[in-house]
Amino acid sequence: MLHESYTVASVEETELHNLTIENAVADRMDIIGPLVRTGRVLDMGIVDSRRGKRDTGSQLEMKTATSLFKQICDLNSDTMGVDIDADGIDILKGKGFNVRHDNVITMDLEQKFDSIVAGELIEHLPNPGMFLENMARHLNPEGTLAITTPNPFYSKQTWKIWRYNEPSVHEEHTCWFDPITLNTLCEMSGLKVEKIYWIQKRKGFLKTLPARFRSYFSHSFMVLAKRA
């Protein structure tokens, strides 16, 4: 099923600033799943803490069963997770996961990976370019880096600005990317973008209506990149 979704997603494309952007997918695992089924996998930013709202233990109690990291581990037992949140790493270790406390920008794991996943991570970092350079160093020559990140032009943000005079921003976000700017940063960081996908969950008709006509209003997007 995942492979079929991957194929369907690749049928329709749009050209944007010389970038090929694939047709939107509703679930990022439709793309990530086939990438991580085999080989050595590294997943970054696995704790997904929201300390401004709840403690790490409560967050993991809510999210672990459905987290991206758990879904990847279910597909491939040869998966390592890394996060800077020491408390969260200790909790995940106690649950039997292969995890490590480290800084994704400066770490040296002394091994390379066939797939690296960074789901909703890059927008939290103080030095995203240094992070991408480090990911390039940890990729095998034919390995793939998958990055997902919110789209700043998501249609719901326009509604938030009209109603509240400000967009919705996660309390720990440091920056915004769109496909054009993230492609540029990848090129500057030793990576070559191979595919870009819009991600738009199937919600209510009115919520997704703008994205049905203009994909740049989609909720988020994914970049697949390899070492340049």
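The values are calculated or read from the model by the stated rules, or taken from the named source; none is laboratory data. None of these values were measured; they are calculated from a predicted model. Don't worry about glycine lacking a Cβ; one is built from the backbone with ideal geometry, like all the others, and counts go over all protein chains shown.
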Practice prompt. Kindly indicate which of SER189, SER218 is at pLDDT below 95, of a type in the set (S, T, N, Q) and in contact with a helix residue (DSSP H, G or I) (Cβ under 7 Å, 6 or more places away or on another chain).
Written response: SER218
Worksheet entry | Top-ranked residue of the range 39-59 - restricted to ones that are farther than 13 Å from HIS124 by Cβ and of a type in the set (Lys, Arg), ranked as modelled with the highest pLDDT | ARG40
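Identify, from the list VAL36, VAL25, VAL8, the residue that is buried (at least 20 other Cβ atoms within 10 Å of the Cβ), modelled with pLDDT under 95 and of a type in the set (A, V, I, L, M). I'd like the intermediate steps shown before the answer.
On the way: VAL36 fails: modelled with pLDDT under 95; VAL8 fails: buried (at least 20 other Cβ atoms within 10 Å of the Cβ).
Criteria check complete, one pass: VAL25.
Could you pull out the residue among GLU194, GLU166 that is of a type in the set (D, E, K, R) and more than 17 Å from GLU22 (Cα to Cα)? Don't jump to the end; show me each part of the working.
On the way: GLU194 fails: more than 17 Å from GLU22 (Cα to Cα).
Of the residues listed, the single one that is of a type in the set (D, E, K, R) and more than 17 Å from GLU22 (Cα to Cα) is GLU166.
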Fill in: All positions within the range 150-181 that are in contact with a strand residue (DSSP E or B) (Cβ under 6 Å, 6 or more places away or on another chain) and among the polar types (S, T, N, Q)
ASN151
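Condition (residue is in a loop (DSSP other than H, G, I, E, B) and exposed (fewer than 15 other Cβ atoms within 10 Å of the Cβ)) applied to the range 179-191: is it met by at least one residue? Even if it seems obvious, please write down each step before you answer.
Residues of the range 179-191 in a loop (DSSP other than H, G, I, E, B): 189-190.
Still in the running and exposed (fewer than 15 other Cβ atoms within 10 Å of the Cβ): none.
Checked the range 179-191: no residue is in a loop (DSSP other than H, G, I, E, B) and exposed (fewer than 15 other Cβ atoms within 10 Å of the Cβ).
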Item to complete: Filter the range 111-133 down to the residues that are β-branched (Val, Ile, Thr) and part of a strand (DSSP E or B), then identify the one that is surrounded by the fewest Cβ atoms within 10 Å (Cβ to Cβ).
Response: VAL117
Practice prompt. Return the residue satisfying two criteria in turn: it lies in the range 160-178 and is among the aromatic types (Phe, Trp, Tyr) and within 15 Å of the chain's Cα centre (by Cα), and of such residues it is surrounded by the fewest Cβ atoms within 10 Å (Cβ to Cβ).
Written response: TRP176
